[in-house]
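Chemist: Let me begin by handing over the structure; questions about it come next.
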Amino acid sequence: MGLQEYTSGASTFEAQVTGNHTIILVGGGGGGSGGSTVTNGVGGGGGGGGACCIKVVSLTQGQTYAYSVGAGGGGGIQGADGVNGNNTTFVVGATTYTAGGGIKATYGAAGGPGGAGGTSSNGDTNRTGGLGGTGTAGGSGGGGGAAGTTADGNTGAVPAGGAAVSLYGGKGGNGVTSNNSTGAVGETYGGGGAGGTGKTGDGEAGFAGYIRIEWEDSSSSSSSSSESSSSSSSSLSSSSSSSSLSSSSSSSSLSSSSSSSSSESSSHSASPEVNEYLITDDLASFGDVGYRFQRKLARTSNGDLHCVYHRTILSYGQICYAKSTDDGETWSETVLTSAN
């Protein structure tokens with residue numbers, strides 16, 4: 001299975017295969033409101049949790065598709081509203097798939113109302129984020145939990161944030177019951193921020209949204225594919241004596257001792273400097289994407305470069321695959337393992 005995840009920013013995704021892709025979107029959490037400026041201990045509300053949108057849609061190999069991960073809304077200072085969470089979107093043709101951001105909590109001198117959960121649109125499944133808790137004289141409201149793939153988001157309370165929802169729906173930040181205290185940030189994807197308490201406590205921010213794209217990698221499952229690991233003549237077979245990727249093959253294009261690899265013709269040959277650069281696993285720096293970690297690199301007969309490596313994403317060790325069609329000038333990355 002192919003996998004790509006995004007946790008911030010806006011850019012484009014390039015499809016690696018033609019066929020159905022599962023798109024999972026979580027909106028950014030709303031920000032909590034500040035505590036009362038009139039009475040000690042009176043709490044602001046929690047921000048709403050982000051929505052979840054799930055869509056299976058056909059994408060075309062080589063085409064790019066715009067996406068945007070919704071940022072969490074900021075918390076309000078004492079006596080002020082929070083800020084709305086931002087929408088997470090993925091665009092295919094004229095259709096925008098949207099997981100709405102959680103709505104901000106508003107200020108109230110006697111207790112701030114919690115923000116509504118975000119809503120989603122155009123998905124096969126559209127789930128709503130959890131409502132933020134409403135502040136009271138006893139404390140501030142917790143943030144609403146984000147919606148996940150299995151259920152709508154959970155409502156925040158005083159002081160607990162809405163619980164996390166499987167899969168990918170983040171927990172809301174916890175509120176507080178002590179005077180003049182600041183609430184907690186939404187804990188994971190799309191969780192709403194908690195409110196603060198009077199007279200000087202601030203609300204906190206919601207957590208950013210999330211995008212997950214999954215697809216079946218037909219090139220790895222087809223017996224006739226040039227990249228099939230089961231094919232005896234495959235250019236990616238590690239066991240084939242004629243493979244261009246075989247680390248044991250005397251004709252391998254990756255062998256540092258080979259000077260006459262049949263798969264690395266003069267039309268696809270890199271300069272000596274580039275060859276040395278590609279096979280140096282202890283290279284001190286290869287950009288900021290972690291290709292130096294346990295890299296296995298290869299060139300197929302069409303000149304494309306392939307790299308399998310390990311790097312850390314969101315505190316999890318992941319196995320990644322990258323491909324370059326321009327002799328290593330640029331790379332497109334696919335995360336092969338799950339973040340959880």
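Chemist: Can you run down the residue pairs with Cβ atoms below 6 Å, 6 or more apart or on separate chains, where the first is in the stretch 167-187 and surrounded by fewer than 24 Cβ atoms within 10 Å (Cβ to Cβ) and the partner is among the hydroxyl-bearing types (Ser, Thr, Tyr) and part of a loop (DSSP other than H, G, I, E, B)?
Modeler: 167/149; 180/200
Chemist: From 300, 325, grab the single residue that is touching a Ser or Thr at 6+ places or on another chain (Cβ under 6 Å) and modelled with pLDDT of 85 or more.
Modeler: It is 300.
Chemist: With the checklist (1) surrounded by fewer than 15 Cβ atoms within 10 Å (Cβ to Cβ); (2) at pLDDT 75 or above in hand, flag the one item residue 285 doesn't pass.
Modeler: (2)
Chemist: Follow-up. Just to check your reading of the model, which residue among 244, 223, 228 is assigned to a loop (DSSP other than H, G, I, E, B), small (Gly, Ala, Ser), touching a strand residue (DSSP E or B) at 6+ places or on another chain (Cβ under 7 Å) and modelled with pLDDT under 90?
Modeler: Working: 223 fails: touching a strand residue (DSSP E or B) at 6+ places or on another chain (Cβ under 7 Å); 228 fails: touching a strand residue (DSSP E or B) at 6+ places or on another chain (Cβ under 7 Å).
Within the list 244, 223, 228, the selection yields 244.
Chemist: Which members of the stretch 1-23 meet the condition of being touching a residue at least 60 places away in the same chain (Cβ under 8 Å), assigned to a strand (DSSP E or B) and open to solvent by 10 Å² or more (accessible area, probe 1.4 Å)?
Modeler: 4, 5, 6, 14, 19, 20, 22
Chemist: Continuing with this model, one more query. Give the number of residues within the stretch 89-103 that are more than 13 Å from residue 25 (Cα to Cα) and among the hydroxyl-bearing types (Ser, Thr, Tyr).
Modeler: 1
Chemist: For the stretch 39-80, name all the residues that are in contact with a Gly (Cβ under 7 Å, 6 or more places away or on another chain) and of a type in the set (Val, Ile, Thr).
Modeler: Passing the criteria: 39, 42, 54, 69, 77.
Chemist: The conditions are (1) over 14 Å from residue 29 (Cα atoms); (2) out of contact with any Lys or Arg (no Cβ under 8 Å at 6 or more places or on another chain), and residue 170 fails exactly one of them. Which is it?
Modeler: (1)
Chemist: Turning to a different aspect of this structure: Select from the stretch 149-184 the residues that are among the hydrophobic types (A, V, I, L, M, F, W, C) and out of contact with any Pro (no Cβ under 8 Å at 6 or more places or on another chain) and list them in ascending order.
Modeler: Scanning the stretch 149-184 gives 151, 157, 158, 160, 163, 164, 165, 167, 184.
Chemist: Now, a different point. Taking the stretch 87-146 on its own, how many of its residues are farther than 19 Å from residue 45 by Cα, among the polar types (S, T, N, Q) and crowded, with 24+ Cβ neighbours inside 10 Å?
Modeler: Qualifying residue count, the stretch 87-146: 4.
Chemist: A further question follows. Tally the residues that are within 25 Å of residue 101 (Cα to Cα), open to solvent by less than 10 Å² (accessible area, probe 1.4 Å) and within 21 Å of the chain's Cα centre (by Cα), restricting the search to the stretch 40-67.
Modeler: Going through the stretch 40-67 one residue at a time, the tally reaches 6.
Chemist: Same structure, new question: Of the residues 164, 137, 184, 205, which is farther than 30 Å from residue 17 by Cα and either at pLDDT below 95 or over 23 Å from the mean Cα position of the chain (by Cα) (or both)? Walk me through it before giving the result.
Modeler: Details: 164 fails: either at pLDDT below 95 or over 23 Å from the mean Cα position of the chain (by Cα) (or both); 184 fails: either at pLDDT below 95 or over 23 Å from the mean Cα position of the chain (by Cα) (or both); 205 fails: either at pLDDT below 95 or over 23 Å from the mean Cα position of the chain (by Cα) (or both).
Within the list 164, 137, 184, 205, the selection yields 137.
The values are calculated or read from the model by the stated rules, or taken from the named source; none is laboratory data. Note that this is a predicted model, so its numbers are computed, not measured. Glycine gets a Cβ as well: all are built from the backbone with ideal geometry, and neighbour counts include every protein chain shown. Ligands, DNA and RNA are excluded from the accessible area calculation, which covers all protein heavy atoms including side chains. Shrake-Rupley method; radii C 1.70, N 1.55, O 1.52, S 1.80 Å.
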